[in-house]
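Read through the structure below, which is laid out as structure tokens, and then see the notes.
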There are 2 protein chains.
Amino acid sequence: MSDYRYPYQDGIFVLNELIGLEQICHQAGLDDVADGLAEAILDEATKMGSEQLAPLNRVGDSTGATLKGGQVHETPGFSDAYRHFCEGGWPSLGADPEFGGQGLPAALAVAVNEVWQSANLAWSLCPLLTQGAIESISAHGSDQLKQQYLPKLISGEWTGTMNLTESDAGTDLAALKTRAVRDGDHYRITGQKIFITWGDHQMTDNVVHLVLARLPDAPAGVKGISLFLVPKFLLDENGNTTDQRNDAYAVSLEHKLGIHGSPTCVMSFGDNDGAIGYLIGEENKGLACMFTMMNDARQGVGLQGLAISERAYQQALTYAKERIQGTLRDGSRISIIKHPDVRRMLMQMKSCTQAMRALTYVAKAESDQHAAETDPAVKAKRKARVDLYTPIVKGWITELSQEITYLAVQVHGGMGFIEETGVAQHYRDARILTIYEGTTGIQALDLIGRKTLADGGEALSALIAEINSDMSEITDPKLQSVVTSMQESLSNAISAQQWILDKAAKDANVAGAVSVHFMMLLGYLCGGWLMAKSANRALSLQAEEGADQEFLESKIVCARFYAEQMLPRTVSSLNAIYSGDESTMALSEDQF
Amino acid sequence: MSDYRYPYQDGIFVLNELIGLEQICHQAGLDDVADGLAEAILDEATKMGSEQLAPLNRVGDSTGATLKGGQVHETPGFSDAYRHFCEGGWPSLGADPEFGGQGLPAALAVAVNEVWQSANLAWSLCPLLTQGAIESISAHGSDQLKQQYLPKLISGEWTGTMNLTESDAGTDLAALKTRAVRDGDHYRITGQKIFITWGDHQMTDNVVHLVLARLPDAPAGVKGISLFLVPKFLLDENGNTTDQRNDAYAVSLEHKLGIHGSPTCVMSFGDNDGAIGYLIGEENKGLACMFTMMNDARQGVGLQGLAISERAYQQALTYAKERIQGTLRDGSRISIIKHPDVRRMLMQMKSCTQAMRALTYVAKAESDQHAAETDPAVKAKRKARVDLYTPIVKGWITELSQEITYLAVQVHGGMGFIEETGVAQHYRDARILTIYEGTTGIQALDLIGRKTLADGGEALSALIAEINSDMSEITDPKLQSVVTSMQESLSNAISAQQWILDKAAKDANVAGAVSVHFMMLLGYLCGGWLMAKSANRALSLQAEEGADQEFLESKIVCARFYAEQMLPRTVSSLNAIYSGDESTMALSEDQF
């Protein structure tokens, strides 16, 4: 097992040098945060994560939640940790001050969230999903619902869930069957939902379910879906939890490959009289409300990909430094970090994790800038950029996290396969990330369809232009090879985009067949962009007095490694795109 | 959970069309095998695998072996299956007739072994390791040891183990500490070995341990290692098992990520008076004996990579055909196999599994041809080719099997993460394959060092020349794009080889840093070669009367898909090789 420490120096580097957190804070009128409070917050989060959440990670793996007497009991120790988490004010960090939030920038909140997700992925899903519920209620809920539910969700006093999937309606939400019937000022919900993360637990005195359901007179398909708020316990007139249990129960728990500490529930609504639910937004407009929640969660899952990669990297690094294997000619024994192939794996983990971090934070900072923007035209562009980032952050980072956690096991050799070592847990836990909140295939379809073909490539062209411009500003010969690799990758991205606009716009099969390659190409490109920018910034900082030369040099080396070893993948993606869908779709089903 | 069927048509295609099994059989004087017996054998194996071993696969996962009273008790049902396996004569298929074997070609035996490994990877490790012990005793054992042990190992009456690893000596065998002391006509062995697969069980009345140990006066390092045969029970003068228990015990079992059905033992030798052991080969020459066993096992693990990929593919395919998700414009619901991205995953699984199969069988056929060859010069070349294949079969196939089993989970969406579905087991089981019998890094070092740099690239150049010549024989325009891709990949391989001969010969760090990229490049190349040959053969066969057009067409489509989507990876590998070791080795340990 390994200790975990938030990679503070790299996190601060991204916040200060890539994002300009200071400026974001000043823009938002948060001068105290700009003047050192951000570092203090991150420091405190690091302590909470390392000392309280990280040690519970393996406990959750070996002792998952249980269902007894209709109630889910979470892993022992999780509840205390959650209480400390709330007492520390952590749930409200980035939330709206109108409802008790602290209103800190999303870019800072995402760094803090990295701590929780690295320290304990299964536990941290609970606040992550609560965050999605908050976003959705904030954006679409009535004033009354906001007043009743937001303060206690934001304080962490209650938690939230997302009830979307049914056994015959996963990716295909149009097929969902859960029913909602009007009943005075509220609705009665009946149906069964599966894969409900943290659907029940004893950490708080209420759980707020957001449930997709269909009204009797709703149109068919996704245009007939509405979103409802279904509390586990009903509220009194003062908005406090009563002992009146709503007809919404966890009826079983899944036995999963990973994230054992996170109870994945089958939720049954309305087995008795119908669960009481309150409409969020308008009838039959649930899909938009769901997407508010989902888009937030998608970037959150991308963050999880970064977080578990960082945790796995730290464990592999510790092992590689300690494990003695091999003898030099002079007879001295060496640790495996001295073996070039082990180093190659560690460098890939290190550089990719940095690239993931940079992209995750930059994407969140874009949300801050979007929120602060007053010029409608610029605001629309910022919105388009956030929307473009979302599937890349979710899709590319979580795919890459599979490889990074794989390598972490590999560095351990035979010990990696032994569960007590703990690194296999990260590999198992990570496996869900490319599945939930929309599989990789769904992210890729979103990217190629809604985010590229729908606007004729406008948002993507703007991103490519920005990357191109940033690269042209890098003139130091030390980074020449990085810039050259980036120019090739840019050219690959432009070729891919052009090919897709030409060939995929009118052919859904072509779009579907090449979409994952396209997403991966853009992911590697974005990672390379931010690694190159980081290295260029590091070069400048090296000239400053008192600079941490070792750290800054490592940023430059990581950018070089990434450019040399990861960016070449963009050309294989492009070549695969060029092959289109012909051989992919050629076989009949019987020929498989 | 899924049924398993050996992909009979593809297996026979490889045996007949790529390998020329008939000719191999005639060469070996096995005319009856050539005349249809091979098909009958494979057919019977398929039945045994599907009906008896496959259903026990999940049982082994959920109910692993236990250690009680110093004895390992395997998963319930495994022992019966093993008895049927022996009664069917399966263990002796490819073994030497002098000791009771059936002397069938290795190329046919490997196809039969694919059945066992697909049906039940954990169970099949037991005969796989026994096979390694047989090889080592056959090649290096005294006549007496052969007479005493080979017949019962070949019949399956006893099983064999490989005792190499110690807690401080994994990859680095030079560090091993187990001691052997001369004691009359035998030796006394003392020490502890870890990660001993099927180190104990109740399926047979004896277990034959092959144990690496060091004599008191042995030279330091790997030149001071000897190999000993240590039976669990001593034999009487007639070579039968007595009740005299040798001082060799399983003292604990590992709790592993996968292959739960395979007991992984800590073995303790000589806690009382020293375990009685018999020298195999000469004193201090144990490494060569170990490599005989190891090289056989390495190709066996490559086969496991193929086998588990095939099993996972079959399960994903079944799910993709059955799972309804999505609605067409006309309102009809469709199964997910109709979605292009799902198809892309299935096509990758299908085409890669075929490429793996072709390479695994071709490599084994090379062993047959080597064995049958009488011209010393040709024989030496065949030996060099077998040696060149071994790290590619082990390294490339097992790495690729990670991706294939990953995709199998992915096709299942959320259900893939639920253990009851069964597909996650394949993903977990597969994870050991790039680790045991030498990690991927070790295979890659073997390939670049002993198999490329050591002979100045001679064996590799011969392989490249053969591939080139085969490609020049493909003239049908339907395969033009495949040939073009192969020519690019050949050019990438030649460039990589040249660069490595220039730059890596004198620099171990460069060799180590680029070795895995080099191995993967050659793996994809070999796969593409055999897919292209298969497609070309399929084209010819299509002209024959009564040909199975659907199947032959699918071989052509799979070759195209592989060329379009997998071969482009060779250029990213080449580019990564060109970057050498500079950024990989640049950081100090503190900078990580």
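The values are calculated or read from the model by the stated rules, or taken from the named source; none is laboratory data. Everything numeric here is computed off the predicted structure, so don't read it as measured data. Positions of Cβ are generated from backbone atoms using ideal geometry, with glycine treated the same way; all protein chains shown enter the neighbour counts.
For segment A:465-486, filtering for residues that are surrounded by 14 or more Cβ atoms within 10 Å (Cβ to Cβ) and either free of Cβ contacts under 8 Å to residues at least 60 places away in the same chain or outside any helix (DSSP H, G or I) (or both) leaves 3.
Under the condition of being within 9 Å of A:Ile404 (Cβ to Cβ) and buried (at least 24 other Cβ atoms within 10 Å of the Cβ), which residue from segment A:339-355 is nearest to the other protein chains (Cβ to nearest Cβ)?
Residues of segment A:339-355 within 9 Å of A:Ile404 (Cβ to Cβ): A:348-349, A:352-353.
Filter again for buried (at least 24 other Cβ atoms within 10 Å of the Cβ), leaving A:349, A:352-353.
Values: A:Met349: 10, A:Cys352: 13, A:Thr353: 12 Å.
The qualifying residue nearest to the other protein chains (Cβ to nearest Cβ) is A:Met349.
Just one of the listed residues (A:Asn272, A:Asn295) is touching a residue at least 40 places away in the same chain (Cβ under 8 Å), out of contact with any strand residue (DSSP E or B) (no Cβ under 7 Å at 6 or more places or on another chain) and over 28 Å from A:Pro76 (Cβ atoms), namely A:Asn295. Within segment A:8-35, the set of residues being hydrophobic (A, V, I, L, M, F, W, C) and closer than 18 Å to A:Ser540 by Cβ comprises A:Ile12, A:Phe13, A:Val14, A:Leu15, A:Leu18, A:Ile19, A:Leu21.
In the set (1) touching a Leu at 6+ places or on another chain (Cβ under 9 Å); (2) within 14 Å of chain A (Cβ to nearest Cβ); (3) touching a residue at least 24 places away in the same chain (Cβ under 8 Å), B:Ala424 fails one condition alone, (3).
Among B:Phe228, B:Phe233, which is the only one that is under 22 Å from B:Asp185 (Cα atoms), buried (at least 22 other Cβ atoms within 10 Å of the Cβ), among the aromatic types (Phe, Trp, Tyr) and at pLDDT 95 or above?
Selected residue: B:Phe228, the only one of B:Phe228, B:Phe233 that is under 22 Å from B:Asp185 (Cα atoms), buried (at least 22 other Cβ atoms within 10 Å of the Cβ), among the aromatic types (Phe, Trp, Tyr) and at pLDDT 95 or above.
Assess whether B:Ser583 counts as being closer than 25 Å to B:Glu403 by Cα and of a type in the set (S, T, N, Q). It would help to see each step written out before you state the result.
On the way: closer than 25 Å to B:Glu403 by Cα: no; of a type in the set (S, T, N, Q): yes.
Criteria not met by B:Ser583.
Working carefully through the options B:Thr178, B:Thr130, find the one that is of a type in the set (Ser, Thr, Tyr), modelled with pLDDT of 95 or more and in contact with a Lys or Arg (Cβ under 7 Å, 6 or more places away or on another chain).
Values: B:Thr130 fails: in contact with a Lys or Arg (Cβ under 7 Å, 6 or more places away or on another chain).
Result of the check over B:Thr178, B:Thr130: B:Thr178.
Annotation for segment A:27-50: at least one member residue is among the hydroxyl-bearing types (Ser, Thr, Tyr) and within 21 Å of the chain's Cα centre (by Cα). In this structure, A:Ala576 does satisfy being within 7 Å of chain B (Cβ to nearest Cβ), part of a helix (DSSP H, G or I) and in contact (Cβ under 8 Å) with a residue 24 or more places away in the chain.
Counting only residues that are assigned to a helix (DSSP H, G or I) and either touching a residue at least 60 places away in the same chain (Cβ under 8 Å) or within 14 Å of B:Asp183 (Cβ to Cβ) (or both), segment B:275-292 holds 6 of them. No other residue among A:Glu87, A:Glu17 is out of contact with any His (no Cβ under 6 Å at 6 or more places or on another chain), free of Cβ contacts under 8 Å to residues at least 60 places away in the same chain and among the charged types (D, E, K, R) apart from A:Glu87. Does segment B:534-551 contain at least one residue that is at the interface with another protein chain (Cβ under 8 Å from one of its Cβ atoms) and part of a helix (DSSP H, G or I)? Yes, segment B:534-551 contains at least one residue that is at the interface with another protein chain (Cβ under 8 Å from one of its Cβ atoms) and part of a helix (DSSP H, G or I). Answer with yes or no whether B:Thr327 is at pLDDT below 95 and of a type in the set (S, T, N, Q). When the stated conditions are applied, B:Thr327 passes them. Of the residues making up segment A:579-589, those that are in a helix (DSSP H, G or I) and not acidic (Asp, Glu) number 3. Restricting B:Leu522, B:Leu552 to residues that are closer than 30 Å to B:Ala459 by Cβ and touching a helix residue (DSSP H, G or I) at 6+ places or on another chain (Cβ under 8 Å) narrows the list to B:Leu522.
Given the criteria buried (at least 24 other Cβ atoms within 10 Å of the Cβ) and in a helix (DSSP H, G or I), does A:Gln304 qualify? Against the criterion (buried (at least 24 other Cβ atoms within 10 Å of the Cβ) and in a helix (DSSP H, G or I)), A:Gln304 qualifies.
All of B:Gly395, B:Gly414 fail the test of being among the small types (Gly, Ala, Ser) and at the interface with chain A (Cβ under 8 Å from one of its Cβ atoms), apart from B:Gly414.
Among the numbered conditions (1) within 18 Å of the chain's Cα centre (by Cα); (2) crowded, with 20+ Cβ neighbours inside 10 Å; (3) within 14 Å of chain A (Cβ to nearest Cβ), the only one that B:Tyr406 does not meet is (1). For A:Ile154, the criteria (1) touching a Leu at 6+ places or on another chain (Cβ under 9 Å); (2) surrounded by 23 or more Cβ atoms within 10 Å (Cβ to Cβ) hold in every case but one, which is (1). Scanning segment B:222-263 for residues that are closer than 27 Å to B:Ala174 by Cα and among the aliphatic types (A, V, I, L, M) gives B:Val222, B:Ile225, B:Leu227, B:Leu229, B:Val230, B:Ala248, B:Ala250, B:Val251, B:Leu253. Here A:Lys379 fulfils each of the conditions (1) basic (Lys, Arg); (2) at pLDDT 95 or above; (3) surrounded by fewer than 24 Cβ atoms within 10 Å (Cβ to Cβ); (4) under 28 Å from A:Gly416 (Cβ atoms) apart from (4). Of the strands (runs of 3 or more DSSP E) lying entirely inside segment B:171-220, those containing at least 2 residues that are in contact (Cβ under 8 Å) with a residue 40 or more places away in the chain and surrounded by fewer than 23 Cβ atoms within 10 Å (Cβ to Cβ) are B:179-183, B:186-197.
With respect to the conditions (1) more than 8 Å from chain A (Cβ to nearest Cβ); (2) of a type in the set (D, E, K, R); (3) closer than 23 Å to B:Ala511 by Cβ, B:Asp581 falls short on a single one, namely (1). Scoring B:Glu135 on the criteria (1) surrounded by fewer than 24 Cβ atoms within 10 Å (Cβ to Cβ); (2) among the charged types (D, E, K, R); (3) not in a helix (DSSP H, G or I) leaves a single failure, condition (3).
Only one residue in A:Ala563, A:Ala504 is surrounded by 23 or more Cβ atoms within 10 Å (Cβ to Cβ), at the interface with chain B (Cβ under 10 Å from one of its Cβ atoms) and not hydroxyl-bearing (Ser, Thr, Tyr). Which one? Step by step, each of A:Ala563, A:Ala504 is checked, and only A:Ala563 is surrounded by 23 or more Cβ atoms within 10 Å (Cβ to Cβ), at the interface with chain B (Cβ under 10 Å from one of its Cβ atoms) and not hydroxyl-bearing (Ser, Thr, Tyr). Touching a residue at least 40 places away in the same chain (Cβ under 8 Å), within 28 Å of B:Val482 (Cβ to Cβ) and either facing chain B (nearest Cβ under 10 Å) or out of contact with any Lys or Arg (no Cβ under 6 Å at 6 or more places or on another chain) (or both), is that true of A:Met519? Yes; evaluated as a whole, the condition is true for this residue.
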